[in-house]
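See structure below.
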Amino acid sequence: MSEGMTMPKDFLWGGAVAAHQLEGGWQEGGKGVSIADVMTAGANGVPRRVTDGVQPGEVYPNHWGIDFYHRYPEDLKLFAEMGMTCFRTSIAWTRIFPNGDETEPNEAGLKFYDDLFTECLKNGIQPVVTLSHFEMPYHLVKAYGGWSNRKLIDFFVRFAEVCFKRYQHQVKYWMTFNEINNQTNWRDPHPLLQNSGLQLDDAANWEEAMYQAAHYEMVASALAVKLGHAINPDFQIGAMLAMCPIYPLTAKPTDIMMAERAMQTRYYYGDVQALGTYPAWVSKYWQRHDFQIDITAADRAALKAGTADYIGFSYYMSFVTKATKENPDFVYDEANDLVSNPYVEKSDWGWQIDPVGLRYGMNWMTDRWHKPLFIVENGFGAHDKLEADGSVHDPYRINYFHDHILQMEKAVVEDGVDLIGYTPWGHIDLISASTGEMAKRYGFIYVDQDDLGQGTLQRSRKDSFYWFQKVVATNGADL
Ligand code: P53
């Protein structure tokens, strides 16, 4: 296999993680309790539960992660051995502001990331940092109602300012909110909690609450972009979206319109963050549904003044939708309007595998937003088997990456898409966000630990480790 193409000079090759999924050390260095700390272990098809605070006797996988908090120097050596030039991680908000509403940051937390980023740079790896990746302080959920509360804007901007100032000489690429558009699926309490810290009762209008929370987040993001540029004009501060293109099931005009509305609904966040304004259809939609969204003139000015420098995005899969007689207005309800794609395979967790969808999504975003792109997550969650000699044979993962990287390269070389870099998700095995499992592995590096946190935590190189090392060494030419 080798149809690869050479990527532009200075293209960033790396890996991506989030603090809560690998650090562990959930109470070390004065860290506060985050929303990830109250999520129990689920399984494939079994949702994680959210407990009322940390309860004795429950299993909370994010409490231990893969102990990166203590082991990062040796892990970074392995990343460097793969040739990685960047490393995407997040700053756990609760290490810096344990409750989220303090006025002074926690120095021990700040020092941890200082040391981590210094160690990255020593290894020739530049940190790429997400500020809010599914790990907001739990206190902000309980005491303020999460992002239903406008006060959260100030708390987030304070957090962003502290991080920007402290790490301005170590970090150039930032992102504000991870996969801000996951909450399009507002019927599912998980994205509502992970994105927005919302815990709603049956009386609430969940869809309206989602639009409101997302608005405050986008205002906070825009204010952070503006502030960041004032602190260091070289900063590149991006939005971060989960790109799952939504195709029409057939060429029926109503299916086409349904897919168009589905894409508008799932990606209006990108319109706001890249272009600085809401698309017209959203206001019309709110009016028809009698949603009262608090948006001030100052908010609108902030959105305009703080558009994202680039669009970071994850890509795992594509979706398919279709029109129905019961839905003549083409309202997109993500929990109910997706159907299976008969033309693609699925992972063991039901995620539809579609390499061409990556190229499609890259072209679509470029045409729509005219911003550089950064693939900050892509990968294949699978069951792996550790052999007695310490090896792991994962041809399925190599195939997935081969096919996706090839489409990425076509988008760049043949279509002219402006792409900053590529960071595969969970390049070291970590805790799954959706299921809390360890068994859903993404890594090029195997971590010996099971779903209950048992194991030696020893790291070993999978076959895909050597494969990706070669891809990086040839700047994408040898796939
Ligand atoms: P896990 C849903 C759909 C696409 C990406 O996911 C998603 C999710 C939410 O789980 O999340 C991103 O671990 C997210 C990471 C997450 C990764 O994809 O559920 O940014 O935190 O781990 C993979 O298999």
Heavy-atom accessible area of T94, protein chains in place, probe 1.4 angstrom, given in Å² to nearest 10, is 0 Å²
By the Cα gyration tensor axes a ≥ b ≥ c (a/c under 1.5 gives rounded; else a/b larger than b/c gives prolate, otherwise oblate), the shape of region 280-377 is oblate
In whole Hz, the Karplus estimates of ³J(HN,Hα) for region 43-57 (6.51, -1.76, 1.60; θ = phi - 60°; x where Gly or Pro) are 7, 4, x, 10, x, 6, 8, 10, 9, 7, x, 7, 10, x, x
Trypsin sites (Lys or Arg not before Pro) in region 349-405 lying in a DSSP loop, each with at most 13 other Cβ atoms within 10 Å of its Cβ, come to K385
accessible surface per residue for the chain, probe 1.4 Å, DNA/RNA/ligands not counted, whole Å² -> 37 Å²
Sorted by accessible surface (1.4 Å probe, heavy atoms of the protein chains only), largest first, E326, E437 come out as E326, E437
Non-local residues with an amide H under 5 Å from the amide H of T130, with H modelled 1.01 Å from N and Pro and chain starts lacking one, are T89, S90, I91, M175
The set of residues whose placed amide H lies less than 5 Å from the amide H of Y247, leaving out same-chain residues fewer than 5 positions away, is F319, V320, T321
Residue by residue through region 253-260, the couplings from Karplus 6.51 cos²θ - 1.76 cosθ + 1.60 with θ = phi - 60°, in Hz, x for Gly and Pro, are x, 5, 5, 4, 5, 4, 5, 4
If every Lys and Arg gets +1 and every Asp and Glu gets -1 at its Cβ, then about the Cα centre region 12-473 yields a dipole, in debye to the nearest 20, of 820 debye
Any trypsin sites (Lys or Arg not before Pro) in region 1-91 that lie in a DSSP loop and have at most 11 other Cβ atoms within 10 Å would be K9
The answer for L12, listing residues at least 5 apart or on another chain whose modeled amide H is closer than 5 Å to its amide H, is G421, Y422
Computed over the chain, the relative contact order (Cα-Cα under 8 Å, seq sep at least six) in percent reads 20 percent
Whole-Å distance linking the alpha carbon centroid of region 318-348 with that of region 6-83 is 32 Å
The relative contact order of region 225-320, taking Cα pairs under 8 Å that sit 6 or more residues apart, comes to a percentage of 49 percent
Note to self, the chain gives a 222 nm [θ] from helices alone (DSSP H runs n ≥ 4, -39500 (n - 2.57) apiece, / all residues, nearest 500) of -12000 deg cm²/dmol
Kirkwood calc, region 383-479, C-alpha pairs only, radius in angstrom 14.6 Å
Taking the convex hull of the alpha-carbon atoms of the chain and averaging its shadow over every direction gives an area in square nanometres of 21.5 nm²
Counting only protein heavy atoms with a 1.4 Å probe and every protein chain in place, the carbon and sulfur fraction of the accessible surface of region 12-473 in whole percent equals 52 percent
With all protein chains in place and a 1.4 Å probe, K172 shows an accessible area in Å² (nearest 10) of 90 Å²
Checking region 324-402 for chymotrypsin sites (Phe, Trp or Tyr not before Pro) in a loop per DSSP with at most 13 other beta-carbon atoms within 10 Å yields Y343
Of all DSSP beta bridges with both partners in region 12-473, the antiparallel percent, nearest 5, is 25 percent
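The values are calculated or read from the model by the stated rules, or taken from the named source; none is laboratory data. Note that the structure is a prediction, hence the values are computed from the model and not measured. Cβ atoms come from the backbone with ideal geometry, glycine included; neighbour counts cover every protein chain shown. Ligands, DNA and RNA are excluded from the accessible area calculation, which covers all protein heavy atoms including side chains. Shrake-Rupley method; radii C 1.70, N 1.55, O 1.52, S 1.80 Å.
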